[in-house]
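The values are calculated or read from the model by the stated rules, or taken from the named source; none is laboratory data. None of the values given here were measured: they were computed from a predicted structure. Please note: Cβ atoms are built from the backbone with ideal geometry, for glycine as well, and neighbour counts cover all protein chains shown. Ligands, DNA and RNA are stripped out before the accessible areas are found, and what is left, the full protein with its side chains, is counted by its heavy atoms. Shrake-Rupley method; radii C 1.70, N 1.55, O 1.52, S 1.80 Å.
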Amino acid sequence: MLKINKLKSENFFDCHNLITTNKNDKLYFANLGWKLNQFKKQLLKYNNFSLGLFNDDLIISFVIGDIISIEKITEYEILLIYVNFNYRQLGYACKLLNEIPLSL
């Protein structure tokens, strides 16, 4: 059963493991700086707002981002969006994006 949950600090390992299941993705995101420690830092930030899509208890996709507020304007900055290779082109990234509140 699919469900979307807000990611907590303890989910950093799950996110990292998801991108490392594909050799090419692991190398690509590591070169961008998304290693285990970066996931941990991001999910601990006070302005972090990240969501994970879970199939039962297994994470299959996530969006990592920050809520940015400047002079009464609030925006959502997407830092990383990822869908497991086996679940691509099924609309899961759109499901995650649609869960981000429009009026933060």
Residue by residue through segment 88-99, what is 3J(HN,Hα) from phi via Karplus (6.51 cos²θ - 1.76 cosθ + 1.60, θ = phi - 60°)? Round to whole Hz and write x for glycine and proline.
6, 6, 10, x, 6, 5, 5, 4, 5, 5, 6, 8
I need the peptides 35-46, 71-82 ranked by packing, meaning the mean over residues of other C-beta atoms within 10 angstrom, with the highest value on top.
35-46, 71-82
Which value, in Å², gives the accessible area per residue of the chain when a 1.4 Å probe is used on the protein heavy atoms?
66 Å²
Just grab the label-to-label distance for Phe85 and Ile100, each label 7 Å out from Cα along the Cβ direction, in nm (one decimal).
2.6 nm
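Roughly how many percent of the accessible protein surface of the chain is carbon and sulfur, given a 1.4 Å probe and a whole-percent answer? All intermediate terms of the calculation are to be shown ahead of the outcome.
Numbers: 3640 of 6870 Å².
Of the solvent-accessible surface of the chain, carbon and sulfur hold 53 percent.
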Checked segment 1-58 against the a/c 1.5 cut and the a/b vs b/c comparison, axes a ≥ b ≥ c from its Cα gyration tensor; verdict oblate
Cα-based Rg and Dmax for segment 2-104, where Dmax is the largest Cα-Cα distance (Å):
13.4, 42
Return the distance in nm (one decimal) between the two label points of a simple spin-label model at Asn24 and Ile67, each offset 7 Å from Cα along Cα→Cβ.
3.7 nm
